[in-house]
Amino acid sequence: MWHASILTIFPEMFPGPLGVSLAGKALASGIWSLDAIDIRAHATDKHRTVDDTPAGGGPGMVMKPDVLARALDAVPPDLRPRLLMSPRGAPLTQSCAAMLAAGPGVVIVCARFEGVDERLIEARGLQEVSLGDFVLSGGEIASMALIDACVRLIPGVMGKEASGVEESFAGGLLEYPQFTRPQVFEGLSVPEVLTSGDHAKVAAWRRSEAERLTRERRPDLWAAYLARKRP
Ligand code: SAH
């Protein structure tokens, strides 16, 4: 079973949104499991201190390496990658989510305050993963996004009809526009080709729309797509 262990000072945030809909049903049916570990339970002093002032001065607090190391070391050793949610990390991608989904699960450290003591990252070989170029107030929401992206790719979670092979990023392109009934909405019609019943034409239209959207919106993805197509 795919297993996520989350280290956090707010374990009550989990499963939160991961407990409903697709991920929630899969959680309830035992396709994956989750345990939220309270970092504070691994503090040793009377006040359960998990942070301290930054060496060298400056604003905010830094998460103590000794407490985090104890929390991490209490997770039974296995083959799961140990991640740290961090704006400095490698940006999360669909291929990264697919790779994690194909493995045994993840151990994720969610930081708060200014982050964690650098020595902890080095000493426990944590892989830093970012959700994007913006700063959240903690790693919890970022970890939920990562887990959601992985869980929906575990076999049996999505229906066959939504296997994920045609989604945005799967082929290096953004997804084509989607339409449903009614045929006419506020004077706008569903593109005729989509109701023609000609599967080859539908596929060609979708491919060219996916290419157009990617070219217009994501020059970075478009350049990578072209480079792969014509090496
Ligand atoms: N001072 C840090 C930001 C700390 S934000 C810096 O400037 O880099 C507090 C915590 O929220 C981080 O340690 C991380 O665990 C989480 N976090 C914030 N932004 C994130 C992002 N874009 N992706 C993943 N985690 C993030």
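The values are calculated or read from the model by the stated rules, or taken from the named source; none is laboratory data. Nothing here was measured: the structure is a model prediction, and the numbers come from that model. Here the Cβ is made from the backbone with ideal geometry for all residues, glycine too, and neighbour counts use every protein chain on show. Surface areas here come from the heavy atoms of the whole protein model, side chains and all, with no ligands, DNA or RNA. Shrake-Rupley method; radii C 1.70, N 1.55, O 1.52, S 1.80 Å.
Some values worked out for this structure:
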read-out	value
Residue within region 47-56 that is at negative phi and buried (at least 17 other Cβ atoms within 10 Å of the Cβ) present	yes
Unmet requirement for A203, which otherwise passes all of (1) assigned by TED's automatic domain parsing to the domain that holds L92; (2) of a type in the set (A, V, I, L, M); (3) more than 16 Å from the ligand (Cβ to nearest atom)	(1)
Which numbered condition A162 misses (of (1) modelled with pLDDT of 95 or more; (2) closer than 30 Å to L18 by Cα)	(1)
All positions within region 86-127 that are within 9 Å of the ligand (Cβ to nearest atom), open to solvent by 20 Å² or more (accessible area, probe 1.4 Å), closer than 23 Å to L221 by Cβ and part of a strand (DSSP E or B)	P87, R88, P91
Among (1) open to solvent by 70 Å² or more (accessible area, probe 1.4 Å); (2) free of Cβ contacts under 8 Å to residues at least 60 places away in the same chain - the single one P81 does not satisfy	(1)
All positions within region 168-182 that are polar (S, T, N, Q) and either surrounded by 11 or more Cβ atoms within 10 Å (Cβ to Cβ) or under 22 Å from the mean Cα position of the chain (by Cα) (or both)	S168
Conditions (1) in a helix (DSSP H, G or I); (2) open to solvent by less than 80 Å² (accessible area, probe 1.4 Å); (3) farther than 27 Å from G156 by Cα; number of the one not met by G24	(3)
Counted residues, region 128-145 - those being in contact with a strand residue (DSSP E or B) (Cβ under 6 Å, 6 or more places away or on another chain) and surrounded by 22 or more Cβ atoms within 10 Å (Cβ to Cβ)	5
Tabulated pairs, region 58-75, first under 18 Å from R48 (Cβ atoms) and within 15 Å of the ligand (Cβ to nearest atom), second of a type outside the set (F, W, Y) and open to solvent by 60 Å² or more (accessible area, probe 1.4 Å), C-beta under 6 angstrom, 6+ apart or interchain	V62/E114; K64/D52; P65/R119; L72/R124
Selection within region 66-85 - in a helix (DSSP H, G or I) and not aliphatic (A, V, I, L, M)	D66, R70, D73
Search result, residues across region 183-217 that are open to solvent by less than 80 Å² (accessible area, probe 1.4 Å) and in contact (Cβ under 8 Å) with a residue 24 or more places away in the chain	W205, R206, E209, A210, E211, L213, T214
Number of the condition not met by C150 [criteria: (1) in contact with a strand residue (DSSP E or B) (Cβ under 9 Å, 6 or more places away or on another chain); (2) surrounded by fewer than 18 Cβ atoms within 10 Å (Cβ to Cβ)]	(2)
Enumeration of residues in region 74-91 that are under 22 Å from P155 (Cα atoms) and touching a Gly at 6+ places or on another chain (Cβ under 8 Å)	L79, R80, P81
